[in-house]
Structure formats: C-alpha cells, structure tokens
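Q: Supplied in structure tokens, the structure appears directly below.
The values are calculated or read from the model by the stated rules, or taken from the named source; none is laboratory data. In this text the structure is predicted, and so the values were computed from the model without any measurement. Every residue, glycine as well, gets a Cβ built from its backbone with ideal geometry; the counts of neighbours run over all protein chains shown.
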C-alpha cells in the first residue's frame with residue numbers, strides 16, 4: 001500500500017561504522033598535541049583531521065551522498081574558505 005514503490009533502507013550499520021570512524025579521528029586529534037614535533041605539523045594534522053571529520057558528518061549524517069552533484073558543489077564551497085584560512089595561517093608562520 002502507499003504506492004511509493006520503494007522500501008525504507010535502514011542506516012543503522014552505516015551509522016555505527018561512521019561513529020567508530022569519527023571516534024578514531026577524535027582519538028588521533030587527542031594524540032597529536034602530545035607528539036614531539038614542530039607546532040606547524042601539529043596544526044596541519046589537527047586541521048586536516050577536523051576537515052575530514054566535517055566531511056564525514058556532512059556526507060553521511062547530512063545525507064550529501066544522496067544529493068545531486070550541484071548541491072554537493074554548493075556544500076563544498078565553504079571548504080574554500082577553510083583552505084584559504086590554512087594558507088593564511090601557514091603564511092603567517094613563515095614570517
């Protein structure tokens with residue numbers, strides 16, 4: 001009945017996997033400050049992990065993987081602001 005022609009797909013297993021991926025990325029974020037390396041490498045690592053986590057959340061929990069290409073592009077535009085910020089930070093570190 002209902003006439004929709006498609007069944008509801010459960011995302012439980014997918015969400016559990018994503019949860020563990022996010023937990024692993026968070027554990028890596030917590031480990032980075034304790035590394036015996038230069039500040040700039042720690043900053044690059046933390047920024048990269050944060051961008052990775054943002055992508056995973058947007059792609060799976062905000063369902064961007066199910067959207068049309070143009071909407072994915074619109075969602076990706078703010079990433080350019082983040083990349084610009086990284087360039088500015090790195091530039092200021094080398095002054």
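Q: Pairs, please: C-beta under 6 Å, at least 6 apart or cross-chain, first residue at negative phi and in region 34-45, second modelled with pLDDT under 90?
A: Short answer, once both residue conditions are applied: 40/93.
Q: While we're here: Please indicate, with yes or no, whether at least one residue in region 33-41 is surrounded by 14 or more Cβ atoms within 10 Å (Cβ to Cβ) and modelled with pLDDT of 90 or more. Write out each step before concluding.
A: Pass one, region 33-41, residues surrounded by 14 or more Cβ atoms within 10 Å (Cβ to Cβ): none.
No - not one qualifying residue is present in region 33-41.
Q: Which one is surrounded by the fewest Cβ atoms within 10 Å (Cβ to Cβ), of the residues in region 48-78 that are modelled with pLDDT under 75 and over 30 Å from residue 10 (Cβ atoms)?
A: Going through the qualifying residues, I end up with 77.
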